[in-house]
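The values are calculated or read from the model by the stated rules, or taken from the named source; none is laboratory data. All of these numbers come straight from a predicted model, not from anything done at the bench. Note: ideal-geometry Cβ built from the backbone for every residue, glycine included; neighbour counts use all protein chains shown. All accessible areas refer to the heavy atoms of the entire protein, side chains included, with ligands and DNA or RNA removed. Shrake-Rupley method; radii C 1.70, N 1.55, O 1.52, S 1.80 Å.
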Amino acid sequence: MEKRIEILREKFDSLGVDAIYLTSRTSHRYFTAFDNEDGSLLITKKSAYAFEDFRYIEVATKNLNGTYNVVEPRGKRSAWLGEILANEGVNSLGFEDLSMSVNAYERLKADVNLELVKIGTTINKMREIKTDDEVAKMEKAQIITDMAFEHILGILSTDITENDVAAELEYFMRKNGAEDKSFETISISAEKTSLPHGVPSNTKLKKGFFTMDFGAVVDGYHSDMTRTVCIGKADDEMKKLYNTVLDAQLRALEYLSNGGRNTKEADKVARDIIYKDYKGYFGHSLGHSVGLEVHEMPALSPNYDAVLVPGNVVTVEPGIYIPSKYGTRIEDMVLICENGIKNFTKSPKKLIEI
Ligand SMILES: [Mn+2]
């Protein structure tokens with residue numbers, strides 16, 4: 001925590017601020033390692049304050065004392081925050097413009113009556129490079145996700161519904177150490193697999209492709225995996241489509257393994273393979289970064305030109321989607337290393353017929 005606070009302070013001069021007020025839930029977790037959706041933090045040049053309401057004050061005091069002055073705010077913010085800002089001699093205050101509503105901004109402006117400076121992507125940029133500790137949490141989240149996939153393979157049949165599968169995956173992950181699911185589980189059968197983000201329903205699984213996109217959260221850190229399997233036998237057309245996605249995924253992973261680091265180029269490696277026979281049927285980007293949020297930057301995308309660095313954790317998830325017919329997506333989550341990558345995802349990728 002101290003190190004992150006120090007790194008943030010080093011950015012004060014270039015941002016033109018002498019303190020930063022952090023109000024997003026994700027930043028709260030990033031800078032304190034615990035979750036309070038209503039908490040806020042103030043980092044000044046010499047001090048750090050954590051504002052934690054009554055519900056959280058006990059755990060906050062226990063965990064943060066020494067690093068933060070833990071304050072239980074009472075009464076109007078203009079009074080308690082205003083007093084600290086005045087005592088600390090703050091003239092220009094950085095704030096999290098990317099995650100703040102217009103209404104919250106107007107209220108902040110009225111409460112502090114100081115120059116407010118947008119800090120933009122400053123903290124997102126910090127979060128792009130994961131520490132060993134963060135990597136370990138994400139690896140654990142993916143281990144739980146892989147376990148859930150293995151477990152669900154023994155259950156899949158045309159006697160259960162899409163919602164049954166989603167519920168079972170989420171229950172299993174929770175029972176095995178996840179604090180939550182990463183996002184609304186995607187569990188979709190047959191023609192619905194043409195919808196990249198289709199929503200599960202109470203209909204029973206049908207013969208044909210079946211796609212599951214899901215993940216676990218461990219200590220705030222997410223995993224993200226997609227597998228498509230076939231209920232019953234796949235015909236030649238299905239096999240061709242599936243193996244094209246698999247080939248695109250393996251080639252993109254190979255690009256990264258061999259030291260390829262350009263986000264656009266990684267996307268192109270997969271896209272070129274798919275576009276040979278399926279042009280127009282891969283409408284999303286190859287991947288995104290993952291961390292405290294399930295979608296972070298940098299992205300692997302034709303529209304995002306950046307160089308990956310060690311510590312980035314990205315998904316590699318090409319897909320082919322034929323409207324009203326079916327689709328396939330295969331997604332792994334990998335750590336960019338000094339040399340090559342570490343693939344967290346161990347679930348099998350060869351077409352599974354159930
Ligand atoms: Mn994903």
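Among the residues of segment 166-225, those that are of a type outside the set (D, E, K, R) and touching a Cys at 6+ places or on another chain (Cβ under 9 Å) comprise G208, F209, F210. Only strands (runs of 3 or more DSSP E) whose full extent lies in segment 156-232 are considered here, and the ones with at least 3 residues that are within 16 Å of the ligand (Cβ to nearest atom) and either over 22 Å from K137 (Cβ atoms) or touching a helix residue (DSSP H, G or I) at 6+ places or on another chain (Cβ under 9 Å) (or both) are 186-189, 208-214, 225-231.
Scanning segment 274-291 for residues being open to solvent by 20 Å² or more (accessible area, probe 1.4 Å) and more than 11 Å from the ligand (Cβ to nearest atom) gives a total of 8. Check G82, G89, G66 and return the single one that is open to solvent by 50 Å² or more (accessible area, probe 1.4 Å), more than 27 Å from the chain's Cα centre (by Cα) and not assigned by TED's automatic domain parsing to the domain that holds E296. The conditions single out G66. The number of residues in segment 92-106 being open to solvent by 40 Å² or more (accessible area, probe 1.4 Å), among the charged types (D, E, K, R) and in contact (Cβ under 8 Å) with a residue 24 or more places away in the chain comes to 0.
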